[in-house]
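The values are calculated or read from the model by the stated rules, or taken from the named source; none is laboratory data. The shown structure was predicted, so the numbers you read here are calculated from the model rather than taken from an experiment. All Cβ positions, even for glycine, are placed from backbone atoms using ideal geometry, and neighbour counts span all protein chains on display. Surface accessibility is based on the protein's heavy atoms, side chains included, excluding ligands, DNA and RNA. Shrake-Rupley method; radii C 1.70, N 1.55, O 1.52, S 1.80 Å.
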Amino acid sequence: MTTQLPVLPAARDTRGRALHDLRISVTDRCNFRCVYCMPRAVFGPDHAFLPRAELLTFEEIARLTAAFARLGVEKVRLTGGEPLVRRELPELVRMLAGVPGVRDLTLTTNGVLLPRYAADLKAAGLHRVTVSLDADDDDTFGRMNDSRAPVSAVLEGIRAAEEAGLGPVKINMVVKRGWNEHAILSMARRFRGTGRVLRYIEYMDVGHTNGWRLDDVVSAEEILETVGAAFPLEPVPPAYSGEVATRYRYADGAGEIGVIASVSKPFCGDCTRARVSADGQLYTCLFATSGHDLRALVRGGVGHDELDAALNSIWAARDDRYSEIRTAETAQLPKVEMSYIGG
Ligand code: SF4
């Protein structure tokens, strides 16, 4: 009989932000090589990925998730790399679906493995998925993800997710100038009227290997102008504090889009997200340069109270607001790679 441990008062950081969202990277591996996340020049055949022994086990991930839930986490998102390349992932979903306090269990994926796993993930307790798709023509898509996967494979994944009951699927499109901004409108055309919400993401200086330059950022304003010129838009109020995407609906009722504007419209003020890497490092910001070793804690035999106290003190000391202070200099900092902690 598992002991029901008390839910503690919600942890708050130095800016009064509650701990509400936990993003767990279950692997640093991926079957794509997206230019803004895992450029092949860096993540090539000789790249040393994390050995299996260094990865958190499913039991360790479940234990940490339960501790975060005691501190107020309600939303858990599984990420990677590509989470579906981690073997037996539905088993982890089953374990997390039973964690007290977790109300929203989601996953971000590039979608091509969804036809194989969607039904099992749903049966295990997953609520919904977000699929990354950076263009809807094979040439542009291929340039962005540097793999041979066709757009049709991702669309098939989206269909499989919805057939399994994991929809409506949200679609994430990272826009990089000179690479795929010409696909902004065709993507809007493809998904409007389908119930799927397309979110445009400003290209970010995550990690330190994607060669980020401010000139390559297509701003939220430009994206909205491009879409709005063809399909008039109206702003939609946020569903909850800390919502990442700014939402807009099509004036003609054909659904919604979102924009995630970390560069031009930072949203650090109500950022409630913690991230744990596949080898158990806790990062309190996507653009952090260092983490806190939770794996050593759980493998060191720490008790529940000590673990909760450790997480609480890390969060209580948090003052991250990278996007508000971003400069050309900060962009060069040795920040943690997105493929290591997920978006
Ligand atoms: S930059 Fe860091 S603090 Fe700001 S919203 Fe992103 S993760 Fe949160």
query: Taking a point 7 angstrom from the Cα of Arg177 along the C-beta vector, which residues in region 232-270 have backbone N less than 19 Å away?
result: 260-266
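With a cut-off of 8 Å between alpha carbons and a minimum separation of six or more residues, what is the relative contact order of the chain in percent? Provide the component values of the computation, followed by the final result.
On the way: 688 pairs, mean separation 75.6, N = 343.
Contact order relative to length: 22 percent.
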message: Which one, Val259, Ala66, Ala331, is farthest towards the positive end of the dipole of region 21-341 when Lys and Arg carry +1 and Asp and Glu -1 on their Cβ?
response: Ala66
message: Using a Gaussian network model on the chain with a 10 Å cutoff between Cα atoms, which of Arg29, Arg275, Arg299 fluctuates the most?
response: Arg299
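Mind scanning Lys122/Lys176; Lys75/Lys265; Lys265/Lys335 and naming the pairs with a C-alpha gap bigger than 29 Å? Numbers along the way, then the final one.
Values: Lys122/Lys176 33 Å; Lys75/Lys265 23 Å; Lys265/Lys335 20 Å.
Table pairs above 29 Å Cα-Cα are Lys122/Lys176.
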- request: Can you work out the PRE-style zone for Glu156? Point 7 Å along Cα to Cβ, and I want the residues of region 118-150 with backbone N under 11 Å.
  value: 150
The chain, accessible surface, carbon-and-sulfur percent (1.4 angstrom probe): 53
field: Top of Tyr117, Tyr248, Tyr240 by mean-square fluctuation, Gaussian network on the chain, Cα under 10 Å
entry: Tyr240
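Only bridges whose two residues both fall in region 21-341 count here: according to DSSP, what percent of them are antiparallel, nearest 5? All intermediate terms of the calculation are to be shown ahead of the outcome.
On the way: 13 of 43 bridges.
Beta bridges within region 21-341, antiparallel portion: roughly 30 percent.
Taking all protein chains together and a probe of 1.4 Å, list Lys265, Lys75, Lys170 from the most accessible to the least accessible. Walk me through the numbers before you get to the answer.
Values: Lys265 110, Lys75 25, Lys170 60 Å².
Result, largest first: Lys265, Lys170, Lys75.
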task: Kindly state, to the nearest 0.05, the FRET efficiency for Asp137 paired with Arg249, given R0 = 35 Å and r defined as their beta-carbon distance.
output: 0.85
- prompt: Label Ala239 and Asp104 with points 7 Å out from Cα along Cα→Cβ: what is the distance between them in nm?
  reply: 0.6
- request: Write down the accessible area per residue of the chain in Å², having rolled a 1.4 Å probe over the full set of protein chains.
  value: 42
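Once the piece of chain linking His304 and Leu333 is laid out straight, how much longer is it, given 0.36 nm per residue of separation minus the C-alpha distance between them?
Values: separation 29, 0.36 × 29 = 10.44 nm, distance 3.48 nm.
Difference between extended and current length: 7.0 nm.
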- request: Please work out the Cα center distance from region 33-84 to region 250-321, rounded to the nearest Å.
  value: 13
GNM result for the chain, Cα springs below 10 Å: residue of Ile171, Ile314, Ile61 fluctuating most strongly: Ile314
message: Modelling each spin label as a point 7 Å along the Cα-to-Cβ direction, I'd like the Ser186/Phe49 distance in nm, to one decimal.
response: 3.0
message: Need one number: nm distance between label points at Val85 and Asp319, each 7 Å from Cα along Cα→Cβ, rounded to one decimal.
response: 3.8
